[in-house]
Amino acid sequence: MFEKVLIANRGEIALRIHRACQEMGIQTVAVHSTADAEAMHVRLADEAVCIGPPAPKDSYLNKAAILTAATLTGADAIHPGVGFLSENAAFAEMVEEHGIAFIGPSPEHIRMMGDKIEAKEAARRLGIPCVPGSDGAVETDAEALRIAEEVGFPLIIKAASGGGGRGMKVAYSIDEVKTALSICRTEAKAAFGDDAVYIERYLAKPRHIEVQLLGDGQGNCIHLGERDCSIQRRHQKVIEEAPSPALNATQRRRIGETVTNAMKELGYRSAGTIEFLYEDGEFFFIEMNTRLQVEHPISEMVCSIDLVREQIRIAAGAQLDIRQEDVKIQGHAIECRITAEDPDSFLPTPGRITDYHAPGGLGVRVDSQLYSGYAVPPFYDSLVSKLVVHGQNRNECLMRLRRSLSEYVIGGIKTTIPLHQRIIAEKRFIDGDYDIHWLEKWMGLKK
Ligand code: ADP
């Protein structure tokens, strides 16, 4: 097993990884920007190295600085966390070339799934059903118009390198195709440095359902059931739950088997998630995330499996010692992503926390970097806390979530706690009767 792991990330996820390492008797190295010198994971880690100024490109995306820190501290593995370099195949390669273990999949699989066009081709090959659309990239306007006729309207134009809900444009008629195509290309080029796009049918009322899996790259692969992430704003997840209120045990087993068979065939290593849109009883692959996901704790809560611990064991060469039949999904879990944003305008609200009290009690987990006196820096993602609640059933979970949100005090800055309180009081949410468009419609942002 590793003796020392460097955590190449910040915020709640860095803390989450530190906790898993501590429980395994592994020392941790925190790397941080000058803006994060007072961060909780930096305080708790066994060692800390400043890797640069606040801008992510100079610190958390600075591959050379991170590798230097790993070499100087004698770390034998690097956990990339979520975002930043977690899906950067070149970084994974560099880490391995330095004789350091990368706690994640092989660079080859990261690369394959990082390009959404290639990922869809791989999915099709592996027997995973996909959203109908173009076969690969769309090169010209004429080609786009021809495919649009075939696929029908509405359709969505998506960037091959897109992520974080960006690089997508919906077209409702043939007149809109050319403009949507050009906007999507320009945005994709600016955001991801790649203007390759493809076309998919835009599903009218799907749910976003994703399957969590673990593979050891040695022929073993299991799934940990699904998460329903349909409560979204601007294609970004706001609340997630496991299991999905929309699936029954047979559907769960079937999609789980499809995914594990495919990943066994691929020889996939580490944690991963396959994302689907689910409509009228059918699953359509949209993408695969070759990393830990923000919402991983809800799967941990219903399965009682520590995903980060498993990632670390697998990276150290261990075989998966959990068999599919050992995975028992028990009860229900919901996660609220609490961000440092105004709950009405969604403007970021960085600043100092004057008062902090996190909820607790049976079945309540708070993954957060916050503490009283901490200043939320303005340079990074606005996620400041994940409130994760588990109950024997969905109703108990909802009651516990309501209680926990009302107990949560984050003073000094505005957060989205009031928004979460309003959403979970809505009948459609309580009934589990929602699709990916519901939240925005309810907020009056979409017709
Ligand atoms: P990202 O990598 O940016 O998260 P995804 O491909 O995972 O992009 O899509 C994010 C969200 O965008 C989905 O959860 C869904 O809400 C919406 N979306 C993507 N593709 C489609 C589609 N074909 N039809 C309807 N909605 C879609």
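The values are calculated or read from the model by the stated rules, or taken from the named source; none is laboratory data. Computed from a predicted model, the values in this text were never measured in an experiment. Neighbour counts run over all protein chains shown; Cβ positions are idealised from the backbone, glycine included. We work out accessible area using only protein heavy atoms, side chains counted, and drop any ligands, DNA or RNA first. Shrake-Rupley method; radii C 1.70, N 1.55, O 1.52, S 1.80 Å.
Brief remarks on what is shown
- Failed item in (1) of a type in the set (A, V, I, L, M); (2) more than 10 Å from the ligand (Cβ to nearest atom); (3) open to solvent by less than 10 Å² (accessible area, probe 1.4 Å), with Leu145 passing the rest: (3)
- Among residues that are within 22 Å of Ile13 (Cβ to Cβ), open to solvent by less than 60 Å² (accessible area, probe 1.4 Å) and touching a Phe, Trp or Tyr at 6+ places or on another chain (Cβ under 7 Å), Leu383 is not included.
- Residue within the stretch 126-133 that is closer than 30 Å to Ile312 by Cα, away from the ligand (no atom under 15 Å from the Cβ) and not assigned by TED's automatic domain parsing to the domain that holds Glu287 present: yes
- Of the helices (runs of 4 or more DSSP H) lying entirely inside the stretch 94-203, those containing at least 3 residues that are within 30 Å of Ile255 (Cβ to Cβ) and of a type in the set (Gly, Ala, Ser) are 116-125.
- The sole residue among Tyr356, Tyr374 that is over 24 Å from the mean Cα position of the chain (by Cα), over 23 Å from Ala242 (Cβ atoms) and open to solvent by less than 50 Å² (accessible area, probe 1.4 Å) is Tyr374.
- The listed residue being over 20 Å from Arg291 (Cα atoms), surrounded by 15 or more Cβ atoms within 10 Å (Cβ to Cβ) and charged (D, E, K, R), out of Glu12, Glu38, Glu47: Glu47
- Which numbered condition Cys397 misses (of (1) in contact with a helix residue (DSSP H, G or I) (Cβ under 8 Å, 6 or more places away or on another chain); (2) open to solvent by less than 40 Å² (accessible area, probe 1.4 Å)): (1)
- Glu97 vs. criteria closer than 30 Å to Asn261 by Cα, surrounded by fewer than 21 Cβ atoms within 10 Å (Cβ to Cβ) and at pLDDT 95 or above: no
- Residue pairs meeting the criteria (Cβ under 6 Å; at least 6 apart or on separate chains; first within 11 Å of Lys158 (Cβ to Cβ), in the stretch 190-203; second among the basic types (Lys, Arg) and near the ligand (Cβ under 10 Å from one of its atoms)): Tyr198/Lys158
- Counted residues, the stretch 404-447 - those being of a type in the set (Lys, Arg), open to solvent by 80 Å² or more (accessible area, probe 1.4 Å) and either within 24 Å of the chain's Cα centre (by Cα) or under 30 Å from Pro378 (Cα atoms) (or both): 3
- Residues (within 16 Å of Ser270 (Cα to Cα) and without any contact (Cβ under 8 Å) to a residue 12 or more places away in the chain) located in the stretch 61-102: Glu96
- Qualifying positions in the stretch 264-317 - open to solvent by 10 Å² or more (accessible area, probe 1.4 Å), in contact with a Phe, Trp or Tyr (Cβ under 9 Å, 6 or more places away or on another chain), among the aliphatic types (A, V, I, L, M) and within 12 Å of the ligand (Cβ to nearest atom): Leu277, Ile286
- Checking Gly165 against (1) more than 15 Å from the ligand (Cβ to nearest atom); (2) on the phi > 0 side of the Ramachandran plot, the condition it does not meet: (1)
- In the stretch 15-35, the residues that are farther than 18 Å from Val384 by Cα and open to solvent by 20 Å² or more (accessible area, probe 1.4 Å): Gln22, Glu23, Met24, Gly25, Gln27, Thr34
- Checking each residue in the stretch 169-181 for being open to solvent by 50 Å² or more (accessible area, probe 1.4 Å) and either β-branched (Val, Ile, Thr) or within 14 Å of the ligand (Cβ to nearest atom) (or both) picks out Lys169, Tyr172, Ile174, Thr179.
- Selection of the stretch 182-225 for residues being under 24 Å from Ile312 (Cβ atoms) and buried (at least 21 other Cβ atoms within 10 Å of the Cβ) yields Glu210, Val211, Gln212, Leu213, Leu214, Gly215, Asp216, Cys221, Ile222, His223, Leu224, Gly225.
- Qualifying residue in the stretch 237-255 (condition: within 16 Å of the ligand (Cβ to nearest atom) and either at pLDDT below 95 or not assigned by TED's automatic domain parsing to the domain that holds Gly432 (or both)): no
- Residues being open to solvent by 30 Å² or more (accessible area, probe 1.4 Å) and near the ligand (Cβ under 10 Å from one of its atoms) - total across the stretch 152-162: 2
- Flag if Val388 is buried (at least 20 other Cβ atoms within 10 Å of the Cβ), hydrophobic (A, V, I, L, M, F, W, C) and touching a residue at least 40 places away in the same chain (Cβ under 8 Å): yes
- A residue that is over 20 Å from Met301 (Cβ atoms), in contact with a helix residue (DSSP H, G or I) (Cβ under 7 Å, 6 or more places away or on another chain) and of a type in the set (Lys, Arg) occurs nowhere in the stretch 402-415.
- Across the stretch 43-60, the number of residues qualifying as part of a helix (DSSP H, G or I), in contact (Cβ under 8 Å) with a residue 24 or more places away in the chain and not acidic (Asp, Glu) comes to 2.
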